[in-house]
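Engineer: Next up is a structure, given as structure tokens.
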Amino acid sequence: MLRYADYDIVFQEIPGEVTLAINISGCPNGCVGCHSAYLQQDVGEQLDEEALGKLLDRYGKNITCVSFMGGDSDPAEVNRLANFLKNKNLKTAWYSGRSNLSEVIELVNFNYIKLGPYIEKYGSLKSTTTNQRLYRIDGTEMVDITSVFWKK
């Protein structure tokens, strides 16, 4: 079961998208310097189809994408909920703190996936030295688009 602590409408997490970013709690990664350390606790409300439906009723006309911010404690559930969103005319994204994509993730359920733990000395996605990567899903291919975050 996934739980979410909060959410926000954001403009920078997924380039070119107005994103409903849902902050999932219970993160098992424990990244040093994490900007959302409170998400390491198992707090908040259950994230399921009913909860997603309520959020979409409230914000659906104002967003173009839903991003699961975390969920590494239960990637199968993230995958299942992304599949639920496929028929909602919205793009889907997942920010995972793992270095490798979970075997249970079906790329067809996503438009974007971010992989990589936060490692302070390498910086966030905005840093050219980051170890994190944002991928656009193109069929069965993961296309690295991390450089769109870098100021030129």
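The values are calculated or read from the model by the stated rules, or taken from the named source; none is laboratory data. Predicted, not measured: the structure shown is a model, and the values here were computed from it. Reconstructed Cβ throughout: ideal geometry from the backbone, glycine too, with neighbour counts over all protein chains shown. Note: areas computed on protein heavy atoms with side chains; ligands, DNA, RNA excluded. Shrake-Rupley method; radii C 1.70, N 1.55, O 1.52, S 1.80 Å.
Engineer: Show me 134-146, 4-16 ranked by packing, highest mean number of other Cβ atoms within 10 Å first. Don't skip to the answer; put the middle values down first.
Structural biologist: On the way: 134-146: 14.3, 4-16: 15.8.
Put in order of decreasing packing, that is 4-16, 134-146.
Engineer: Identify, among Thr64, Ala5, Ser99, the residue whose Cα sits farthest towards the positive end of the charge dipole of the chain, taking +1 on the Cβ of Lys and Arg and -1 on the Cβ of Asp and Glu, with the dipole about the Cα centre.
Structural biologist: Working it through, the farthest residue towards the positive pole turns out to be Thr64.
Engineer: If you take the Cα atoms of the chain, find Rg, then find the Kirkwood Rh from the mean of 1/r over all pairs, what is Rg/Rh? Present the calculation step by step, with values, prior to reporting the outcome.
Structural biologist: Numbers: Rg = 14.4 Å, Rh = 15.5 Å.
Radius of gyration over Kirkwood radius for the chain works out to 0.93.
Engineer: Which value, in debye to the nearest 20, gives the size of the charge dipole of the stretch 1-99 about its Cα centre, when Lys and Arg are +1 and Asp and Glu are -1 at the Cβ?
Structural biologist: 320
Engineer: Could you report the stretch 46-143's accessible area per residue, 1.4 Å probe, as an integer in Å²?
Structural biologist: Heavy-atom SASA per residue in the stretch 46-143 reads 52 Å².
Engineer: Further question on the same structure: Hey, any idea what % of the chain's accessible area is carbon plus sulfur with a 1.4 Å probe?
Structural biologist: Result for the chain: 47 percent of the exposed heavy-atom area is carbon or sulfur.
Engineer: Rounded, prolate or oblate: which one fits the stretch 102-152, using the alpha carbon gyration tensor with axes a ≥ b ≥ c (rounded when a/c is under 1.5, else prolate when a/b beats b/c, else oblate)? Display every interim value, and only then the final one.
Structural biologist: Values: a/c = 3.68, a/b = 1.67, b/c = 2.20.
Judged from the Cα gyration tensor, the stretch 102-152 comes out oblate (a/c at least 1.5, b/c at or above a/b).
Engineer: Okay, next question. To the nearest 0.05, how large is the calculated FRET efficiency for Phe11 and Ser127 if R₀ is 30 Å and r is the Cβ-Cβ distance?
Structural biologist: E between Phe11 and Ser127, to the nearest 0.05, is 0.95.
Engineer: Additional query: Taking every pair of alpha-carbon atoms in the stretch 1-82, give the share separated by more than 22 Å as a whole percent. Write down the numbers at each step before the final one.
Structural biologist: Numbers: 741 of 3321 pairs.
So the portion of pairs separated by more than 22 Å is 22 percent.
Engineer: With each run of n ≥ 4 DSSP H residues scored as -39500 (n - 2.57), what mean residue ellipticity at 222 nm is computed for the chain after dividing by its residue count and rounding to the nearest 500 deg cm²/dmol? Please list the in-between numbers first.
Structural biologist: Details: 2 runs with 22 residues, N = 152.
Theoretical 222 nm ellipticity from helices: -4500 deg cm²/dmol.
Engineer: Mind ordering 61-71, 79-89, 121-131, 106-116 by average Cβ neighbours within 10 Å, highest first?
Structural biologist: Values: 61-71: 20.9, 79-89: 15.6, 121-131: 13.4, 106-116: 19.1.
Listed from highest to lowest mean packing, they are 61-71, 106-116, 79-89, 121-131.
Engineer: May I ask you to derive the relative contact order of the chain, considering only C-alpha pairs under 8 Å and at least 6 residues apart, and to give it as an integer percent?
Structural biologist: Result for the chain is 19 percent.
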